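Asks: If you scroll down you'll find the structure; I have some questions about it.
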Amino acid sequence: MTRLGTPESLRDAYGASLVELGERDPRLVVLDADLSGSTRTVQFGQRFPDRFFNVGVMEPTMVAMASGLALGGRTVFASTFAVFAAGQAYGAIRQSVCYNRANVKLVATHGGLLVGPDGGMQQIVEDIGLMRGLPGMTVVVPADAPSTRAAVREVAGFDGPAYVRLPRERLPTVTDGSFRIGRAAELHPGSDLTIVAVGALVARALEVAADLGQVGLSVRVLDLASVKPFDQAALDRAARETGAILVLEEHTVLTGVGALVASAVAEGYPVPVRRVGVPDVFGESGEPWSLLDRYGLSTERIREEAWELLRARGKVQ
Amino acid sequence: MAEEPPAELLSTLASTAREVRREIIRMTYAAASGHPGGSLSVTDLLTALLLHEMRLDPGRPDWGDRDRLVLSKGHAAPALYAALAMRGFLPRDELRTFAQLGSRLQGHVDHRTLPCVEASTGALGQGIGMAVGMALDARLAGRMNRVYAVIGDGECQVGSTWEALMAGGHYRLANLVVLLDRNGVETDGPTESIMGIEPIADKFRAFRYRTLEIDGHDFRQILTALAEARAWRDGPTAIVAHTVKGKGVSFMEGQHTFHAKPPTEVEARRALEELGAPGELPAR
């Protein structure tokens with residue numbers, strides 16, 4: 001498989017960024033629920049033991065405590081796996097965090113299928129939908145380590161709740177390391193078709209765009225890392241200038257980024273949209289990258305879907 | 001042992017609590033909504049906290065050193081609003097807006113609309129967690145303020161209540177007091193026939209709380225317990241306050257049917273008569 005940059009751990013990027021933020025903001029507090037080694041909050045805990053609370057396996061209470069700390073005027077980061085954050089603690093995120101507009105940043109690692117061998121129980125593919133439905137919640141899904149660093153700084157920089165979804169796996173560097181809330185990043189120019197992707201699928205979008213470029217097709221790639229608020233203007237431009245949109249995500253197609261883009265395009269500048277994501281099923285155990293292939297996110301499948309849209313536009317036979 | 005509270009203070013608090021109860025009846029009648037039973041049972045606890053025990057400044061609701069109150073049983077909002085009004089945090093007239101469209105006084109407590117309430121509550125099992133966070137915040141900041149979490153007894157069936165209690169015990173939060181409004185009755189009936197929570201005081205003790213049991217309608221006992229909690233430096237305190245659901249209104253007392261049912265006009269008139277305030281009802 002073609003890889004674009006050296007794969008790097010987004011979790012490591014998060015851990016290092018937290019330490020930097022902790023140096024700059026002496027009131028910043030971090031919580032974890034017995035997964036600090038895996039989420040990398042352990043680095044903050046070692047550097048600032050007084051401002052780190054590993055609460056054990058009590059995700060709803062970790063989130064409620066984070067809210068209580070934030071209501072005192074602090075920036076609070078809380079981390080665990082995505083399945084436990086968005087899943088186990090949904091009620092606390094809704095009531096204790098969002099309903100208080102508390103300044104809590106949930107950084108959830110191990111989102112999506114790339115959890116791999118631990119299986120479908122742990123592979124939440126519903127979290128983006130759950131989180132973006134919450135009033136006042138900012139939702140971010142970075143595509144690589146450099147943009148993770150920028151995203152962590154960005155979410156720390158405003159007063160209000162945020163959910164950042166990170167994968168377990170290392171991802172190749174695909175961005176220039178910049179990230180702005182509400183902005184989509186155009187990572188590849190194109191005029192025949194746009195592929196909108198988040199997280200691990202951004203690299204696959206770029207691979208497909210490069211492949212299709214070889215045969216003279218011009219495919220734009222947008223990294224929609226800022227899922228909420230999202231860049232309506234960039235989607236409008238993509239629809240107007242490229243005439244069709246393919247959306248890729250490691251998430252159920254029912255409620256994720258594909259659903260978001262389809263409705264935004266329908267209301268903005270209607271053009272054909274196809275969604276490639278996890279169908280309405282749970283995952284299973286397996287090697288992480290082969291799970292993406294198994295659940296319809298292979299580069300071959302993405303290429304076929306792109307081809308269908310290009311054919312409908314009369315760009316190919 | 002703490003000093004005996006002066007008789008004059010006790011009678012002032014009793015008459016304030018009576019006024020709070022009248023407002024609960026007026027509010028729930030006017031809104032045709034609300035939870036009178038659990039509001040009336042927690043009235044004396046909230047009155048003791050807001051009108052006496054807590055360090056507060058109604059002129060500066062965001063004063064950093066203020067004591068914090070999290071009403072985890074957020075359905076008792078009418079009692080909290082009335083007590084806040086009596087303490088000067090909001091105009092008495094505003095109580096008439098309870099649960100109406102556009103009101104700051106939401107049906108369940110809302111920090112966003114009414115910042116002088118410390119936290120939005122009403123989904124049971126989260127208030128103690130937020131209170132633990134607030135107590136840790138005070139400790140980290142070196143502030144001396146205290147944090148009070150008021151919970152209901154149905155709420156003791158919620159798993160996250162025990163998570164949060166465990167955390168408060170683990171961090172030995174001497175600035176945290178958990179008050180249980182033990183009225184014995186939840187929405188569908190008696191707690192002990194639905195899902196028993198006893199022996200509740202032993203459970204708090206097992207979770208590392210210094211635990212006191214009091215009559216939650218006796219101001220002398222309430223103030224003494226709060227003073228003891230303040231003097232205790234080795235960890236959090238739990239106060240099991242034995243109360244009566246619907247306290248002060250004979251036909252509501254002990255009745256689960258008034259958990260979430262507002263009074264009819266006839267019932268509201270009778271209730272206000274019993275509370276020593278016959279006469280005008282607010283518009284409904």
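Asks: Relative contact order for the stretch A:185-312: what percent, with Cα pairs under 8 Å and sequence separation of 6 or more?
Replies: About 26 percent, as a whole number.
Asks: Also, I was wondering about something else. So how much accessible surface do A and B hide from each other in total, probe 1.4 Å, in square angstrom to the nearest 100?
Replies: 2000
Asks: In the stretch A:92-140, what residues drop by 40 Å² or more of accessible area when the other protein chains are put back, versus the chain on its own? Use 1.4 Å, and skip ligands and nucleic acids.
Replies: Buried by 40 Å² or more upon assembly, which counts only protein chains, are A:GLN95, A:TYR99, A:ASN100, A:ARG101.
Asks: Taking the Cα centre of each part, how many Å lie between the stretch B:230-262 and the stretch A:140-209?
Replies: 51
Asks: Relative to the first principal axis of the alpha-carbon coordinates of chain B, what is the inclination of helix B:219-231, with its axis defined by its Cα atoms, in degrees from 0 to 90 and to the nearest 10?
Replies: Between the helix axis and the principal axis of chain B, the angle is about 30 degrees.
Asks: Further, regarding this structure: Quick one: with all protein chains in place, what share of the accessible area of the protein assembly as shown is carbon or sulfur, to the nearest percent (1.4 Å probe)?
Replies: Looking at the protein assembly as shown in its full context, I get 49 percent from C and S.
Asks: Another one. Per residue, how much accessible surface does the protein assembly as shown expose to a 1.4 Å probe? Answer in Å², no decimals.
Replies: 36
Asks: Rounding to the nearest 10 and keeping the result within 0 to 90°, find how far the Cα-based axis of helix A:299-312 lies from the longest principal axis of chain A.
Replies: The angle comes out at about 50 degrees.
Asks: Just which residues of the stretch A:51-81 lose 20 Å² or more accessible area with every protein chain there, against their chain alone, with the probe set to 1.4 Å?
Replies: Residues shielded by partner chains are A:PHE53, A:MET58, A:PRO60, A:THR61, A:ALA64, A:MET65, A:GLY68, A:LEU69, A:LEU71, A:GLY72, A:ARG74.
Asks: Okay, moving on. Ignoring the sites themselves, what is the longest stretch of chain A with no chymotrypsin sites (Phe, Trp or Tyr not before Pro) in a DSSP loop and at most 15 other beta-carbon atoms within 10 Å?
Replies: A:1-157
Asks: Follow-up question, since we're still on this one. List the relative contact order of chain B as a percent without decimals, with contacts defined as Cα pairs under 8 Å and 6+ residues apart.
Replies: Once divided by the residue count of chain B, the mean separation gives 24 percent.
Asks: Measure nothing fancy, just the Cα-based angle from helix A:201-214's long axis to the longest principal axis of chain A, in degrees from 0 to 90, nearest 10.
Replies: Rounded to the nearest ten degrees, it is 20.
Asks: Right, something else. Evaluate 2.2 N^0.38 Å with N set to the residue count of chain B, then give the Cα radius of gyration divided by it.
Replies: It is 0.93.
Asks: Give the aspartates and glutamates reachable from B:LYS261 as a straight Cα distance under 16 Å; neighbours fewer than 8 places away on the same chain don't count.
Replies: B:GLU23, B:GLU186, B:ASP188, B:GLU253
Asks: Then there's this: Between the stretch A:299-317 and the stretch A:13-66, what's the alpha-carbon centroid distance in Å?
Replies: 45
Asks: Springs between alpha-carbon pairs under 10 angstrom, Gaussian network model over chain A: which of A:GLY157, A:GLY68, A:GLY116 fluctuates most?
Replies: In the Gaussian network model the winner is A:GLY157.
Asks: How big is the gap, in Å, between the Cα center of the stretch B:20-41 and the Cα center of the stretch B:65-132?
Replies: That distance is 14 Å.
Asks: For the stretch A:273-279, just list the computed ³J(HN,Hα) in residue order, Karplus coefficients 6.51, -1.76 and 1.60, θ = phi - 60°, integers in Hz, with x standing in for Gly and Pro.
Replies: Running phi through 6.51 cos²θ - 1.76 cosθ + 1.60 with θ = phi - 60° gives 10, 10, 10, 10, x, 6, x Hz.
Asks: Once amide H atoms are placed 1.01 Å from N in the peptide plane, what residues at a sequence separation of 5 or more from B:THR211, or on another chain, have their amide H within under 5 Å of its amide H?
Replies: Here B:ALA238 satisfy the definition.
Asks: Please report, in whole Å, how far the alpha carbons of chain A spread along each principal axis, starting with the longest.
Replies: For chain A, the Cα extents along the three principal axes come out at 64, 38, 33 Å.
Asks: Can you tell me which of B:THR43, B:THR97, B:THR191 moves the most in a GNM of chain B? Springs connect C-alpha atoms under 10 Å apart.
Replies: B:THR97
Asks: Cα to Cα, under 23 Å, and not fewer than 8 places away if on the same chain: which lysines meet these conditions relative to B:LYS203?
Replies: Correct list for B:LYS203: B:LYS73, B:LYS245.
Asks: Show me, for the stretch A:228-241, the HN-Hα J-couplings you get by feeding each phi into the Karplus relation (A = 6.51, B = -1.76, C = 1.60, θ = phi - 60°), rounded to Hz, glycine and proline as x.
Replies: 8, x, 10, 8, 4, 5, 5, 5, 4, 4, 4, 5, 5, 8
Asks: Which residues, if any, in the stretch B:116-140 have at least 20 Å² less accessible area in the whole protein complex than in the isolated chain, probe 1.4 Å?
Replies: SASA drop of 20 Å² or more in the stretch B:116-140: B:SER120, B:ALA123, B:GLN126, B:GLY129, B:MET130, B:GLY133, B:MET134, B:LEU136, B:ASP137, B:LEU140.
The values are calculated or read from the model by the stated rules, or taken from the named source; none is laboratory data. This one's a predicted model, so the numbers in the text were calculated from it and none came from an experiment. Note that each Cβ is placed from the backbone with ideal geometry, even for glycine, and that neighbours are counted across all protein chains shown. All accessible areas refer to the heavy atoms of the entire protein, side chains included, with ligands and DNA or RNA removed. Shrake-Rupley method; radii C 1.70, N 1.55, O 1.52, S 1.80 Å.
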